1. If I go through segment 426-459 residue by residue, how many of them are acidic (Asp, Glu), touching a helix residue (DSSP H, G or I) at 6+ places or on another chain (Cβ under 8 Å) and either modelled with pLDDT of 90 or more or on the phi > 0 side of the Ramachandran plot (or both)?
2. For a quick check of your reading: which helices (runs of 4 or more DSSP H) sit entirely within segment 120-213 and have at least 1 residues that are touching a residue at least 24 places away in the same chain (Cβ under 8 Å) and either surrounded by 13 or more Cβ atoms within 10 Å (Cβ to Cβ) or among the aromatic types (Phe, Trp, Tyr) (or both)?
3. Scanning for something touching an Asp or Glu at 6+ places or on another chain (Cβ under 6 Å) and modelled with pLDDT of 90 or more, does segment 38-60 turn up at least one residue?
4. All but one of (1) of a type outside the set (A, V, I, L, M, F, W, C); (2) touching a strand residue (DSSP E or B) at 6+ places or on another chain (Cβ under 9 Å); (3) in a helix (DSSP H, G or I) hold for residue 12; state the number of the condition that does not hold.
5. What residue, of 157, 124, is modelled with pLDDT under 90 and under 30 Å from residue 487 (Cα atoms)?
6. Quick check, is residue 81 small (Gly, Ala, Ser) and either out of contact with any Pro (no Cβ under 6 Å at 6 or more places or on another chain) or more than 24 Å from residue 371 (Cα to Cα) (or both)?
7. For segment 381-420, give me each residue that is out of contact with any Gly (no Cβ under 7 Å at 6 or more places or on another chain), aliphatic (A, V, I, L, M) and in a loop (DSSP other than H, G, I, E, B).
8. Give the residues of segment 390-418 that are modelled with pLDDT under 90, among the polar types (S, T, N, Q) and surrounded by 14 or more Cβ atoms within 10 Å (Cβ to Cβ), sorted by residue number.
Amino acid sequence: MRLPERQVAALQAASATDAQPIPALAAAAGIDEAAARTAVFELEDDGLLEVDSETEETVSLTDEAREYLEAGLPEVRLYRAAVAAGADEAPVQMGQVIGASGLEGPQVDIALSNFARKGYGEIDSGEVSADPDADPDSDPEVAALERIAAGEPVDDDALLDRLDERGLIEREERTVRSVLLTDAGVDALMAGVEAAETADRLTPEMLTSGEWADVEFTDYNVEADAAEAGAGKVHVLRQASERVKDVLVGMGFQEMDGPHADADFWINDALFMPQDHPARTHWDRFALDVDPIEELPEELLQAVENAHRNGVGSDGDGYHSPWSEDFAREVALRGHTTSLSMRYLSGAAEGDLEPPQRYFSVEKAYRNDTIDATHLLEFFQIEGWVMAEELSVRDLMGTFEEFYRQFGITDVQFKPHYNPYTEPSFELFGRHPETGELIEIGNSGIFREEVLSPLGVECDVMAWGLALERLAMLYTGAEDIRDLHGTLADLEFLRNAEVIY
């Protein structure tokens, strides 16, 4: 029997008793894996080899899990700090225990959410009680992480699911194909196989020399697996961003831009956000260790400070809370792109604006949130505002309905809400096409007089901040914002996701 060289090599390397994965067969045959794969499927079609396919799951640790293996799980660190503080005998103030544990930022929330779940103790009215009988040394999640790190299997699916939900492991499925000689393959080898010179294409040189008459051409198996070639593609969020811009420009809006790192004055103070507001602490804000911003409009700075201290108008009362010009000049990553709106409405960006005006931006914002299915540390915000006389909530709701209709989303729901800078205010919700869950997709309202008066704006301004990623979740069906971008992005999903036009 005459066969192509790669088929002869694969056939001779195969065994009738011990199944071999294709990579091992390729190594034994001395050919590359792609050639071995092609030869195997060709020989399978001829009945000389049998190919068995199995799905295999591999589990690996994330960087966060490796960090915890060195430092300890947050809830374990919280428990040990609580015991050291005497919480196994009497309740201890939560702030004292957290400080002693060394936990910071999102790890605090992680520790608190898992502390009671694991039976380490209770948290009630700001006090921590530790169970003296708890044994963190036998924590099953720690044991599972250690086994995975050592390359050992973990057979508890529920435990793996929990680690997956916490973002501590990555699970990947792959298809493993194993090869066996068939009886026909054994007979062929016993009868003798000979390597034939083969070609996979007809060339002009073969036609000219006449060589084509003596060459054996390779058969093509159109059903055989082939290597997947992933072509370049514009990221789904970039597509969504461009589509949003097209829609808003078509609705008569102009685009804004401005700095990602800005003075707290533009990010919060000009928005009538009190300086002692919880969202302005280090828990939610990314402060930068740089020199403060000196170039702020002095008259506007004084007007905003007066609004905070005394309010605006005869009924205004202000906040009667601490005010610091030094804090206003400090630099942070913007927690929302409304800082751009303040720059434009005040005239600092493009000079004084006369109504009517419509402006928008699709830019990144940064918040020290706990990462989950709908939150990341950085995200794209669709900022927008309309300046005109006699605006109402009906105008705002109608704008949203028209905007989301362009993406095939017609079931937009509204809920009254409180913001320090808008009144009335409401949140927007859309229904997820896969889960049926209502997802918050934005926040909006009519700017208060305390915001507009210091800026010198004498007419109504309705404004909003919408989440680009959550809009993308609604029309692509993504159930987790981390599938769209970040280190855990689902590349297969991104290759196939489409933006609705």
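The values are calculated or read from the model by the stated rules, or taken from the named source; none is laboratory data. On a predicted model such as this, the values are computed, not experimentally measured, just so you know. Reconstructed Cβ throughout: ideal geometry from the backbone, glycine too, with neighbour counts over all protein chains shown.
1. Selection size over segment 426-459: 2.
2. Passing ranges, in order: 140-149, 157-165, 183-191.
3. Checked segment 38-60: at least one residue is touching an Asp or Glu at 6+ places or on another chain (Cβ under 6 Å) and modelled with pLDDT of 90 or more.
4. All conditions pass for residue 12, except number (2).
5. When all the criteria are applied, what remains is 157.
6. It is true that residue 81 is small (Gly, Ala, Ser) and either out of contact with any Pro (no Cβ under 6 Å at 6 or more places or on another chain) or more than 24 Å from residue 371 (Cα to Cα) (or both).
7. Scanning segment 381-420 gives a single hit, 391.
8. Passing the criteria: only 406.
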